[in-house]
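J.: Quick one: the structure is below, and I'll ask about it shortly.
The values are calculated or read from the model by the stated rules, or taken from the named source; none is laboratory data. In this text the structure is predicted, and so the values were computed from the model without any measurement. Note: ideal-geometry Cβ built from the backbone for every residue, glycine included; neighbour counts use all protein chains shown. Only protein heavy atoms, including side chains, enter the accessible area calculation; ligands, DNA and RNA are left aside. Shrake-Rupley method; radii C 1.70, N 1.55, O 1.52, S 1.80 Å.
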Amino acid sequence: MGLGLGLVTVGLIAAGRGQVPISPAEVAGSVLHRLGVDLGPLPSAVQGENALWLVRFPRVVLAVVVGAALGCAGALMQGVFGNPLAEPGVIGVSSGAAVGAAAAIVSGITVAGVWTTAAAAFAGGVLTTFIVYAMSRASGRTEVVTLVLTGVAVNATAGALLGLLMFVTDDDGVRAIAFWQLGSLAQATWGAVAVAAPCAAAGLAVAWSQARKLDLLALGERPARHLGVGTERLRITAIVATALLTASAVAFTGIIAFVGLVVPHLIRMIAGPGHRVLIPASALAGAIVVVTGDLVARTAIDYQELPLGVLTAVVGGPAFFWLLRRTRARAGGWG
């Protein structure tokens with residue numbers, strides 16, 4: 001409940017901030033009037049309604065979708081791997097999406113119009129995930145350690161491909177690839193929301209449906225199997241859901257780091273390890289983090305916009321280091 005109210009509050013503030021200032025009451029009034037409720041003031045600023053509905057609401061809603069998807073994907077990965085330091089990038093979604101987007105930029109293909117880069121990023125993320133899974137599977141089973149190490153190798157290969165694509169393209173291509181990698185919600189539209197939101201909703205529903213099995217898996221793989229959990233099927237379901245969530249998120253925004261890693265861990269510290277609470281709470285908290293980060297990115301410097309991915313990395317890096325030190329101290333060392 002608190003996270004839901006926090007998300008609404010942050011959303012109202014974020015939608016009102018910009019070159020055309022609009023108060024939270026006017027933002028809420030505009031939404032209510034569109035819903036047919038004659039309550040609250042309308043924006044008094046010139047072009048206030050257009051600024052809200054054509055520019056800021058698509059951006060805020062896409063930020064909610066992206067943050068929820070990344071937060072949920074992080075909780076899902078940490079549950080499946082049984083490691084609170086796991087994140088969606090482990091299975092190569094983000095690096096694969098980056099290679100897909102870079103390939104589309106360098107080749108200049110436009111088969112999907114203005115959404116060609118996003119479509120290529122989505123396809124690259126999903127394809128890379130399935131390559132990681134296929135390469136780590138042996139004798140009908142997938143060991144977590146093999147999956148993680150395969151993900152490391154595939155991520156390194158994807159990084160090399162990305163560097164090669166940047167080497168062979170021209171200066172404009174390098175700038176376009178670098179801009180995509182930095183992460184931004186500047187290209188948010190209602191069309192992007194219409195594509196990303198159903199994918200994120202489907203991934204969230206699948207993740208929520210697996211909450212009880214993830215709780216049993218936390219007891220250990222063998223006890224979970226004895227309690228009737230099909231651990232291999234659960235792992236496949238979680239990887240597919242994570243690929244869907246993460247690829248749909250980064251396809252329209254570029255790489256936004258550390259949300260899927262840090263947010264679920266912080267929620268686990270507050271609400272406990274139960275996935276029935278952890279998954280929806282991580283989604284809400286992830287949405288709050290991305291909406292707030294985007295607000296800071298576009299308002300911290302007048303007439304300039306900071307890259308959102310850089311901003312989350314600047315905050316998330318030290319937070320990750322703190323989590324690492326805290327986990328190591330509690331475990332009494334690594335080995």
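J.: Looking only at residues in segment 200-219 that are open to solvent by 40 Å² or more (accessible area, probe 1.4 Å) and free of Cβ contacts under 8 Å to residues at least 24 places away in the same chain, which one is nearest to VAL126 (Cα to Cα)?
T.: ALA201
Residue-by-condition table, conditions (1) open to solvent by 40 Å² or more (accessible area, probe 1.4 Å); (2) at pLDDT 85 or above:
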{"position": "ALA134", "(1), (2)": "yes, no"}
{"position": "ASP171", "(1), (2)": "yes, yes"}
{"position": "TRP180", "(1), (2)": "no, no"}
{"position": "GLN187", "(1), (2)": "yes, no"}
{"position": "ALA194", "(1), (2)": "yes, yes"}
{"position": "GLU221", "(1), (2)": "yes, no"}
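J.: Across segment 26-36, which residue is least open to solvent (accessible area, probe 1.4 Å) among those that are closer than 25 Å to ALA192 by Cβ and among the small types (Gly, Ala, Ser)?
T.: In this case the residue turns out to be SER30.
J.: Something else: Within segment 223-255, how many residues are among the aliphatic types (A, V, I, L, M) and open to solvent by 20 Å² or more (accessible area, probe 1.4 Å)?
T.: Summing the residues that are among the aliphatic types (A, V, I, L, M) and open to solvent by 20 Å² or more (accessible area, probe 1.4 Å) in segment 223-255 gives 5.
J.: Another question, then. If we keep just the residues of segment 304-335 that are touching a residue at least 60 places away in the same chain (Cβ under 8 Å) and not in a helix (DSSP H, G or I), which is surrounded by the fewest Cβ atoms within 10 Å (Cβ to Cβ)?
T.: My answer is GLU305.
J.: Something else about it: Would you please name the residue that is farthest from SER282 (Cα to Cα), looking only at residues in segment 42-51 that are among the aliphatic types (A, V, I, L, M) and open to solvent by less than 80 Å² (accessible area, probe 1.4 Å)?
T.: Top of the filtered list is ALA45.
J.: Could you check, for segment 143-161, whether at least one of its residues is open to solvent by 40 Å² or more (accessible area, probe 1.4 Å), of a type in the set (D, E, K, R) and part of a helix (DSSP H, G or I)?
T.: No, the conditions are met nowhere in segment 143-161.
J.: A further question follows. Based on what the data block shows, is ALA300 modelled with pLDDT under 85, out of contact with any His (no Cβ under 9 Å at 6 or more places or on another chain) and either closer than 17 Å to ALA75 by Cβ or assigned by the TED database to the domain that holds ALA120 (or both)?
T.: Considered against the rule, which asks whether it is modelled with pLDDT under 85, out of contact with any His (no Cβ under 9 Å at 6 or more places or on another chain) and either closer than 17 Å to ALA75 by Cβ or assigned by the TED database to the domain that holds ALA120 (or both), ALA300 comes out as no.
J.: Another question, then. Among the candidates LEU54, LEU39, which residue alone is open to solvent by 40 Å² or more (accessible area, probe 1.4 Å), part of a loop (DSSP other than H, G, I, E, B) and among the aliphatic types (A, V, I, L, M)?
T.: One residue alone meets the criteria, LEU39.
J.: For GLY125, are the conditions met, namely being at pLDDT 85 or above, buried (at least 17 other Cβ atoms within 10 Å of the Cβ) and part of a helix (DSSP H, G or I)?
T.: For GLY125, the condition - at pLDDT 85 or above, buried (at least 17 other Cβ atoms within 10 Å of the Cβ) and part of a helix (DSSP H, G or I) - is not met.
J.: Would a scan of segment 70-93 turn up a residue that is within 18 Å of ALA200 (Cα to Cα), modelled with pLDDT under 85 and open to solvent by 10 Å² or more (accessible area, probe 1.4 Å)?
T.: Yes, there is a match, as at least one residue in segment 70-93 is within 18 Å of ALA200 (Cα to Cα), modelled with pLDDT under 85 and open to solvent by 10 Å² or more (accessible area, probe 1.4 Å).
J.: All but one of (1) surrounded by 20 or more Cβ atoms within 10 Å (Cβ to Cβ); (2) over 20 Å from the mean Cα position of the chain (by Cα); (3) more than 30 Å from ALA271 (Cβ to Cβ) hold for THR117; which doesn't?
T.: Failed condition: (2).
J.: Something else: Would you be able to tell me the number of residues in segment 1-25 that are open to solvent by less than 30 Å² (accessible area, probe 1.4 Å) and within 14 Å of GLU49 (Cβ to Cβ)?
T.: 3
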